[in-house]
1. Taking the options L19, L51, L13, name whichever one is open to solvent by 20 Å² or more (accessible area, probe 1.4 Å), touching a Leu at 6+ places or on another chain (Cβ under 9 Å) and assigned to a loop (DSSP other than H, G, I, E, B).
2. Can you report the number of residues in the range 138-150 which are surrounded by fewer than 14 Cβ atoms within 10 Å (Cβ to Cβ), outside any loop (DSSP other than H, G, I, E, B) and in contact (Cβ under 8 Å) with a residue 24 or more places away in the chain?
3. Given the condition assigned to a loop (DSSP other than H, G, I, E, B), surrounded by fewer than 16 Cβ atoms within 10 Å (Cβ to Cβ) and among the small types (G, A, S), answer yes or no: does some residue in the range 151-166 qualify?
4. Regarding L108, is this residue closer than 21 Å to P165 by Cβ, assigned to a loop (DSSP other than H, G, I, E, B) and open to solvent by less than 10 Å² (accessible area, probe 1.4 Å)?
5. Of the residues L78, L33, L27, L65, which is among the aliphatic types (A, V, I, L, M), closer than 19 Å to L212 by Cβ and either open to solvent by 40 Å² or more (accessible area, probe 1.4 Å) or free of Cβ contacts under 8 Å to residues at least 60 places away in the same chain (or both)?
6. Among the numbered conditions (1) assigned to a helix (DSSP H, G or I); (2) touching an Asp or Glu at 6+ places or on another chain (Cβ under 8 Å); (3) among the β-branched types (V, I, T), tell me where I77 comes up short.
7. All but one of (1) among the small types (G, A, S); (2) within 15 Å of T24 (Cα to Cα); (3) open to solvent by 10 Å² or more (accessible area, probe 1.4 Å) hold for S94; state the number of the condition that does not hold.
8. Filter the range 167-180 down to residues that are aliphatic (A, V, I, L, M) and either open to solvent by 30 Å² or more (accessible area, probe 1.4 Å) or within 20 Å of H43 (Cβ to Cβ) (or both), then give me how many there are.
Amino acid sequence: EYLDDRIRTPRELEEHLGLPVLATVPLLKERELKDAGSGKFPHHFLRAKPLSAYSESFRELQAALALSDVDNPPKSILITSALPSEGKTTTAISFAASAARAGLNVVLVDADLRRPSLRKRISNEKPEFDMIDFLTHKCSLDDALQSNDEAGFEFLATTRQPANPSDLLASTSMKDLLATLRTHFDLVIVDSPPVLPVSDAKALASQLDKVLFVVRWQGTPKMAAEQSGRKLN
């Protein structure tokens, strides 16, 4: 146990990062998803099992965020993690679905331009235009926005990898996009690349109200979480 560098408890995480743990999301196994008839993606489970521990964890997260700044509740949230495959995209989609079920007008933005995966998890339809088209002035925002009745929220997908992802995310067009979305939606959720491999998350963090840092139980090394925390501060 002493040699194990992976994070295993919320208290351990708070001690190492000096940050509050807002919610603990249970892992859904394939059998649970199958038994619920919710398909293969966890955000479908929210609708199939609204009283489950998984659904409750996202209601807890929404309440904790609202209480983090009572006078100015956050309207734009960046969701990231230290490393790939730690659950940040699953968290982003499920949080968006949960907030939409609570009555909020939600938009989810796929800002992971290096490994975009949001669209394939929400919709099988490939859009005519995506966020890159909007940022490069090839379409309007209405053209780029997509909706999915099953998910309950609107989203901006990224369907390909651009040659200059960092430049696009740091551009004036991206800043204008986030500012516009804030005026049209109750909650803007941005799924970003992980912190350590690239600098994209840090560039985006300053443009949003709050950052949600996802840590995988018994998966994320303590050193990786600490380094990510320092990069984001």
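The values are calculated or read from the model by the stated rules, or taken from the named source; none is laboratory data. Since the model is a prediction, treat every value here as computed from it, not as a measurement. Methodologically, a virtual Cβ is constructed for each residue, glycine included, from the backbone with ideal geometry; neighbour enumeration extends over all protein chains shown. Heavy atoms of the whole protein, side chains included, go into the accessibility calculation; ligands, DNA and RNA do not. Shrake-Rupley method; radii C 1.70, N 1.55, O 1.52, S 1.80 Å.
1. Numbers: L51 fails: touching a Leu at 6+ places or on another chain (Cβ under 9 Å); L13 fails: assigned to a loop (DSSP other than H, G, I, E, B).
Result: L19 is the single residue among L19, L51, L13 that is open to solvent by 20 Å² or more (accessible area, probe 1.4 Å), touching a Leu at 6+ places or on another chain (Cβ under 9 Å) and assigned to a loop (DSSP other than H, G, I, E, B).
2. So the first thing to find is which residues in the range 138-150 are surrounded by fewer than 14 Cβ atoms within 10 Å (Cβ to Cβ), and the list is 138, 140, 142, 147, 149-150.
Of the ones still in play, those that are also outside any loop (DSSP other than H, G, I, E, B) are 142, 147.
Next, only the ones that are in contact (Cβ under 8 Å) with a residue 24 or more places away in the chain stay: none.
Of the residues in that region, 0 qualify.
3. Initially, the range 151-166 is screened for residues assigned to a loop (DSSP other than H, G, I, E, B), giving 151-152, 157-164.
Now restrict to residues that are surrounded by fewer than 16 Cβ atoms within 10 Å (Cβ to Cβ): 160-161, 163-164.
Pick out the ones that are also among the small types (G, A, S) and you get 163.
Yes, the range 151-166 contains at least one residue that is assigned to a loop (DSSP other than H, G, I, E, B), surrounded by fewer than 16 Cβ atoms within 10 Å (Cβ to Cβ) and among the small types (G, A, S).
4. Details: closer than 21 Å to P165 by Cβ: yes; assigned to a loop (DSSP other than H, G, I, E, B): no; open to solvent by less than 10 Å² (accessible area, probe 1.4 Å): yes.
For L108, the condition - closer than 21 Å to P165 by Cβ, assigned to a loop (DSSP other than H, G, I, E, B) and open to solvent by less than 10 Å² (accessible area, probe 1.4 Å) - is not met.
5. On the way: L78 fails: either open to solvent by 40 Å² or more (accessible area, probe 1.4 Å) or free of Cβ contacts under 8 Å to residues at least 60 places away in the same chain (or both); L33 fails: closer than 19 Å to L212 by Cβ; L65 fails: either open to solvent by 40 Å² or more (accessible area, probe 1.4 Å) or free of Cβ contacts under 8 Å to residues at least 60 places away in the same chain (or both).
None of the other options fit; the residue is L27.
6. Exception for I77: condition (1).
7. Failed condition: (3).
8. We begin by selecting, within the range 167-180, every residue aliphatic (A, V, I, L, M); these are 168-170, 174, 177-179.
The next check asks that each one be either open to solvent by 30 Å² or more (accessible area, probe 1.4 Å) or within 20 Å of H43 (Cβ to Cβ) (or both); those that pass are 170, 179.
Residues that pass the stated criteria total 2.
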